[in-house]
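Worksheet: one structure, shown below.
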Amino acid sequence: MTPVAPLMLLLLRVTSPCDTGTRVVLVPFERLALPSADARELEEATRRAVAAMPDACLESREDTLARLRGSGDALAACGDAECRSAQASALGASKLVRGVALGVGGKRSVALTVTDARGTEARAQFEAPATAPGEADARAKKALEQVWSPRTTARATREPQGSRMLPKVLWGAGGAALLAGVGFGLASRSTESKLSKNGGECATAGESFAACFSSQLRKGRNQARTSNVLLGVGALLGAGGAVSFIWELP
Amino acid sequence: MPLPLRRTLTLGVLLLASSAASAGPAQVHYALIVASNTGTEKSQAPLNYADDDGARYYELFAPRSREVVLLSVLDAETQALHPGLAAKTRPPTRPAMEAALTRLNARMAEDRVKGDVPVLTFVFVGHGKRGAAGEGAVSLLDGPLTRTDLYARVIAPSKASFLQLIVDACDSYFFVHSRGALPVGPAYAEAVKGLLSDRALARYPQVGVVLSTSSERESHEWSAIRSGVFSHLVRSALSGAGDVNGDGKVDYAELRAFVAAASQGIDDVRGQPDVFIQPPAQDRAFALTDLKDVSSLGYLLVPTGLSGRLWVEDARGIRLVELHKERERPLVVSLPVGKGYYLRSRGREATFSITRASEVVEAGGLPWHDVSVASRGAAQDAMRDKLFSVPFGPRFYQGYMASLGIPQPVDEAEADAALVP
């Protein structure tokens with residue numbers, strides 16, 4: 001029987017208010033160079049931070065311990081994310097949070113590993129000064145926020161490069177449109193300026209002055225209209241780029 | 001501001017903060033390292049890496065000590081590997097050693113007046129020899145330092161509350177202990193264990209000893225790591241790899257088990273470091289090192305699940321820490337700040353750096369890639385393959401201690417700890 005199998009059998013016997021899509025299991029912390037009371041304090045701070053994450057239904061410590069005890073042995077020591085992800089699935093959890101509480105170098109800190117049942121994994125750390133009670137909660141929350149979004153994790157794993165292309169394209173096209181619009185605007189202004197000075201090029205046209213003047217006027221108006229359209233398109237593309245950028249934020 | 005000065009100031013601030021924060025008497029650490037490649041006898045060929053070991057002990061102890069003195073003549077290669085260190089050294093002579101001891105004792109006496117607990121680590125790396133009368137001696141540049149000298153000049157006048165002797169030299173057992181009626185041969189270290197209380201060392205219960213008693217030069221140094229094998233094991237253990245129970249401390253029993261595990265796979269008796277390790281009688285649980293102490297070090301966390309033979313090399317190619325980790329527990333090792341490192345195992349490596357004091361780098365998140373390792377010949381292959389071939393962890397430790405008949409203190413009961421890997 002694989003190490004995961006007893007956990008799966010146990011899962012069938014355990015009732016929990018959380019559904020599989022939102023259940024988060026936080027495994028009791030390991031500790032290094034830190035008294036157990038301090039490690040427990042840091043674990044509780046992390047539990048509170050996990051519970052505050054969006055779409056997270058944190059299993060109580062008692063339930064997690066009961067399930068682990070019921071499984072008859074400890075969680076197998078996985079060597080890779082795939083194995084840990086399988087453990088998360090076996091526990092019926094969307095995420096599995098592990099932590100090591102450390103007390104090295106005169107400082108308390110926590111190293112967290114958040115494993116998604118879908119196979120992705122992220123790591124975070126935070127320091128928690130013993131002299132500032134309550135600070136651990138804030139730092140745990142901040143550390144978790146950096147790794148909690150499944151989209152962020154997946155992107156970091158699968159799309160190390162080339163992400164957020166749409167806003168870049170929109171901004172590029174918008175910038176080009178704005179530049180062209182400014183160019184047409186300047187040309188229009190130049191035409192207007194020339195015509196305002198005794199008819200510009202049409203001053204020597206003689207009898208065809210009126211036709212020349214009308215033609216130049218039409219040309220200037222077209223330039224102004226094109227400029228306005230391009231500036232508008234550029235502004236819209238820029239705004240679209242900003243919206244898509246914000247939309248893709250984790 | 002120059003980097004060394006900034007580091008010194010940082011360490012000073014950290015130490016001040018530590019002493020202010022802790023309520024009990026604070027341990028204050030000092031180290032005197034004597035490392036000499038040359039022997040006093042014509043028959044003693046110069047060692048290659050005693051000076052390297054001295055330099056590495058210096059780098060190990062400096063970030064966690066108030067003062068470290070290195071008495072050594074570093075060769076050209078060692079000076080190139082440790083830029084700036086040569087300027088801090090003095091030659092390994094008797095006057096230099098006595099001057100250093102006088103200064104350190106004065107500082108430790110002041111510490112005692114303040115209520116602190118000064119701890120002196122005395123390290124010797126180099127040639128040792130047992131004389132005709134059975135008295136051991138180690139080689140300084142200007143002559144031998146005999147066991148009588150050791151007691152009269154180092155141990156007896158010491159103001160340290162605890163004195164840790166680390167001696168990596170041939171026949172170093174006889175440098176600390178008198179021969180008496182002891183048998184001569186490879187098994188003498190085992191044979192003398194029951195007689196220690198009658199020897200001179202028993203008069204100094206504050207003294208702990210860590211001795212290499214190898215008598216074969218070819219087993220003493222390993223060119224692949226530019227170091228003596230025993231000293232490499234000791235430094236690895238003291239960096240944190242020897243902490244078997246996760247309390248952050250490496251005590252004498254853990255060091256002994258670590259060395260035994262690391263050398264257990266070596267079939268050739270000449271390659272096995274023959275060691276004698278005894279804690280101070282005054283406090284047998286006294287730790288050689290404590291990772292909890294405030295220091296200017298960074299840390300590598302090797303998490304549960306990552307196992308096997310691992311070693312950390314820095315950008316100079318110096319192997320700082322080596323271990324064979326059991327899978328079912330996490331481990332943390334300390335490393336100097338401001339350097340780039342390679343975490344290596346057979347056939348693969350991962351790079352990382354530590355940029356600030358107390359920074360923790362988690363090895364589980366490092367990107368690994370495959371590497372090819374050049375072979376260095378049959379002897380090197382044997383050492384490479386056999387050393388650290390046995391995993392070290394609670395299972396080995398408990399079995400090893402049970403085999404020695406040494407009772408283990410009941411550890412802090414922690415029901416939850418048994419549930420996690």
Check your understanding: Taking the Cα-to-Cβ direction at A:F245 and at A:S193 and moving 7 Å from each Cα, how far apart do the two end points lie in nm?
Key -> 3.3
Exercise for review: Please give the peptides A:239-245, A:22-28 ranked by average Cβ packing (other Cβ atoms within 10 Å per residue), highest first, as a rough proxy for protection.
Suggested key: A:22-28, A:239-245
Point to revise | Global geometry of the stretch B:297-373, whether rounded, prolate or oblate, following the gyration tensor of its Cα atoms and the 1.5 cut on a/c | key: oblate
**Study point:** Relative contact order for the stretch B:297-373, counting Cα pairs under 8 Å that sit 6 or more residues apart, in percent
**Key:** 36
Exercise for review: Please say if the stretch A:165-247 is rounded, prolate or oblate, where rounded means a/c under 1.5 for a ≥ b ≥ c the square roots of the C-alpha gyration tensor eigenvalues, and otherwise the choice is prolate for a/b larger than b/c and oblate otherwise?
Suggested key: prolate
Study note, to complete from the structure: For the pair B:T351 and B:A402, the simple spin-label estimate (label points 7 Å beyond Cα toward Cβ) gives in nm 4.6
Check your understanding: Per residue of B:356-365, how many C-beta atoms from partner chains lie within 10 Å of its own C-beta, taken as a mean?
Key -> 5
Revision key, fill the gap. For the stretch A:127-136, Karplus-derived ³J(HN,Hα) couplings (6.51, -1.76, 1.60; θ = phi - 60°; whole Hz; x for glycine and proline) come out as 9, 9, x, 5, 7, 10, x, x, 5, 4
Point to revise | Sorted peptide list for B:143-155, B:323-335, criterion being average Cβ within 10 angstrom, highest first | key: B:323-335, B:143-155
Review point. Average partner chain C-beta neighbours within 10 Å, per residue of A:75-81?
Key: 6
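Each value in this text was obtained by applying a stated rule to the coordinates, not by laboratory testing. Not measured: the values here are computed from a predicted model. As a convention, Cβ positions derive from the backbone with ideal geometry for all residues, glycine included, and neighbour counts pool all protein chains shown.
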